[in-house]
Amino acid sequence: MTAAALAFAPVVAFGFCGAALIGRIQALPVASKLALPALLCFPYLLATMQLERFRWEWFALYALLPVVVAALLSAVAKLDPEQQRGHWLEFVVLLALGLAVDLRWLEPAWPRGLAFISKLLLLDAGLYGFQCVRGLTGAGFDLKLRWNDWTTGLREWVFYTPIAVTLGLILGFLHWHGRVDRPWMLPLAWLFTFFFIALPEEIYFRGWMQNLLERRLGRTASLLVTAVLFGLSHFNKRAAFFNWRYVLLAAIAGVFYGRAWRTERRIGASTISHATVDTLWGALFR
């Protein structure tokens, strides 16, 4: 669990101390700034050395990948300093990170039960590259939640819930449990879902993807395109085949999560919607 804590530490640092941390990193010499994310390989080293699963090739990949992401986004920062329409290299980075997570390219590197750390390290690489090197504006990643984050996030959850329940039951995707097992565990389940499931996805799809697409496509088109991509990212969840029911419901959810984010451009708001949907979905339905 030490390796997992190390992998999650950058998310917490950027979420609570973002401006100060970004300012210190941006003040570094360019070479140091680009080399620094190589330290993200340490969770892999720690986890695999203890369990005798260490492989040099995976270690090199985890050391080099964040540096490559930083170098590409450093080039983007020079090519597109105004950030008015974004740059195609940003979407290349997003595509690579997204496919690595969805297709589980890097998970074979990890011992059983620890593959989730790979997702955190890819998130760390993206956070460092987009926040510190690219200096991407408008993402709204801040874990110091505001009252408006709660009201906005829960509002979109209320709007989405009747659609999801009705459609899910009609399609046979959802099945009513009839009762909630261990209801006292729901707050803990919500917190786990918030930090380890909803937050990484909201940073990626709303803070980065929708944020960048909005500059090229406008508010409505970027909302819909991002929602479709969010839905497609669930194609292999809960099934060994293309799970079109999950894709459809996730795409509709993506519209409401995107609405929550763009209200004040706050990832906290969309993450609250997302975590609440997932937690109650798991508690009340199968």
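The values are calculated or read from the model by the stated rules, or taken from the named source; none is laboratory data. Bear in mind that the values here come from a model prediction, so they are computed numbers and not experimental data. Note that each Cβ is placed from the backbone with ideal geometry, even for glycine, and that neighbours are counted across all protein chains shown.
For beta carbons closer than 7 Å, sequence separation of 6+ or different chains, a first residue in segment 57-70 that is closer than 15 Å to Ala100 by Cβ and a second that is surrounded by fewer than 18 Cβ atoms within 10 Å (Cβ to Cβ), the qualifying pairs are Pro66/Ala38.
When segment 91-118 is examined, which residues are found to be among the charged types (D, E, K, R) and at pLDDT 95 or above? Answer for segment 91-118, where residues must be among the charged types (D, E, K, R) and at pLDDT 95 or above: there is none. Note on segment 124-162: residues that are part of a helix (DSSP H, G or I) and crowded, with 22+ Cβ neighbours inside 10 Å amount to 16. Looking only at segment 99-113, residues that are outside any helix (DSSP H, G or I) and not small (Gly, Ala, Ser) come to 7 in all.
Within segment 2-11, is there a residue that is assigned to a loop (DSSP other than H, G, I, E, B), modelled with pLDDT under 95 and more than 20 Å from the chain's Cα centre (by Cα)?
Taking every residue of segment 2-11 in turn, none turns out to be assigned to a loop (DSSP other than H, G, I, E, B), modelled with pLDDT under 95 and more than 20 Å from the chain's Cα centre (by Cα).
Modelled with pLDDT under 95, closer than 18 Å to Ala125 by Cα, out of contact with any strand residue (DSSP E or B) (no Cβ under 8 Å at 6 or more places or on another chain) and assigned to a loop (DSSP other than H, G, I, E, B), is that true of Arg53?
no
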